[in-house]
Ligand SMILES: NC(=O)c1ccc[n+]([C@@H]2O[C@H](COP(=O)([O-])OP(=O)(O)OC[C@H]3O[C@@H](n4cnc5c(N)ncnc54)[C@H](O)[C@@H]3O)[C@@H](O)[C@H]2O)c1
């Protein structure tokens, strides 16, 4: 364990798997007191196998005001990592109002809920770092069949800049992360769905990998390293920004 985050209390949403889980573990290894939350307690519980005493797990549903209020009261965080999000597949013609509402709630409004809940404590203590999960897809680059998802992730960029500007004089930073494709359980589900459509798992995998000029997708731990940096005081002069980490996808 090193000590880049010693003394910091960190609240992570969607820590049951994928980037949220990798980030919760990475931040605990850097000495933070981590509060890892998700709606899937079974997945969350598996974090115990990491034998990190400084990770506390509990259920928190980011689409529920009461659940968020209780979770924030328990964690009283210096750092908030808003990681929860859902990928809707399809064009604008495929999207129903219900799918739009669900995605806007889970991917965007959830961040308003958690951020509103953590800000009073951060303001009182005179500092804090809020890290929002956006995507390279949406405001940075377009991708086929990601209409609803792209809109929600672009909205996260706006939410981030707005919070950053309003609270900069209070010592609170707010940044967002824009990853390319990352290996995670839900990404593997998306590969399987495309494989069914194409009749070939190899072809499906090749299509996803082709988006990344590096010829591979990211590991969740590579995104977690950026989360650690933004949570730490090493990034003290950075706020209101989109931090792109996409294997060169949008950099060509
Ligand atoms: N995987 C990628 O390629 C990729 C790329 C860019 C951005 N992202 C974003 O990163 C984030 C994490 O994605 P991932 O693929 O690493 O993880 P994932 O999609 O595999 O897991 C998502 C987690 O969110 C939890 N969750 C769902 N609804 C919730 C709710 N209401 N409250 C709390 N938790 C809830 C699930 O239980 C699950 O543990 C998402 O916001 C996603 O949009 C992912």
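For an R0 of 51 angstrom, estimate the FRET efficiency from the Cβ-Cβ distance between residue 51 and residue 93 and round to the nearest 0.05. Before the final figure, lay out the partial values.
On the way: r = 49 Å, r/R0 = 0.97.
That gives a FRET efficiency of 0.55.
What does the extension gain come out to for residue 70 and residue 252, with contour length at 0.36 nm per residue minus their alpha carbon separation? Could you put the intermediate results ahead of the total?
Values: separation 182, 0.36 × 182 = 65.52 nm, distance 4.42 nm.
The residue 70-residue 252 span can extend by a further 61.1 nm.
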What angle, in degrees between 0 and 90 and rounded to the nearest 10, separates the Cα long axis of helix 18-29 from the longest principal axis of the Cα atoms of the chain? 30
Using Cα centres only, tell me the gap between region 221-248 and region 146-195 in whole Å. 13
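For a Förster distance of 30 Å, can you work out the FRET efficiency between the beta-carbons of residue 196 and residue 41, rounded to the nearest 0.05?
Values: r = 30 Å, r/R0 = 0.99.
Result of the calculation: an efficiency of 0.50.
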Suppose we look only past 23 Å in the calculated P(r) of region 1-109. What percent of the Cα-Cα pairs does that tail hold? 31
What is the gain in length, in nm to one decimal, between residue 165 and residue 233 on full extension, counting 0.36 nm per residue of separation less the C-alpha to C-alpha distance? 22.6 nm
Estimated [θ] at 222 nm from DSSP helical runs (n ≥ 4, -39500 (n - 2.57)) normalised by residues in the chain, nearest 500: -13500 deg cm²/dmol
Using only the alpha-carbon atoms, how far is helix 65-75 inclined from the longest principal axis of the chain? Give it as 0 to 90 degrees, nearest 10. 50
If packing is taken as the mean number of other Cβ atoms within 10 Å per residue, what is the order of 51-61, 199-209, highest first? 51-61, 199-209
Per the Debye formula with a single identical scatterer at each Cα and no solvent contribution, what log10 I(q)/I(0) holds for region 132-230 at q = 0.11, 0.19 Å⁻¹? -0.41, -1.00
State the dimensionless ratio Rg/Rh of region 39-197 (Rg: radius of gyration of Cα atoms; Rh: Kirkwood radius). 0.99
Simple spin-label model, 7 Å along Cα-to-Cβ: residue 58 to residue 214 in nm? 3.6
What ranking, highest mean first, results for peptides 175-182, 97-104, 115-122 when packing means the other Cβ atoms within 10 Å averaged over each residue? 175-182, 115-122, 97-104
So between residue 2 and residue 189, what do we pick up on full extension, going 0.36 nm a residue minus the alpha carbon distance? 63.9 nm
Peptides ranked, highest mean first, by Cβ atoms within 10 Å: ranges 19-27, 31-39, 158-166: 19-27, 31-39, 158-166
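Every read-out reported here was derived from the displayed coordinates using simple, explicitly stated rules and does not represent laboratory data. Everything quoted here is computed from the prediction, not taken from an experiment. With ideal geometry, Cβ positions are generated from the backbone for all residues, glycine too; neighbour counts draw on all protein chains shown.
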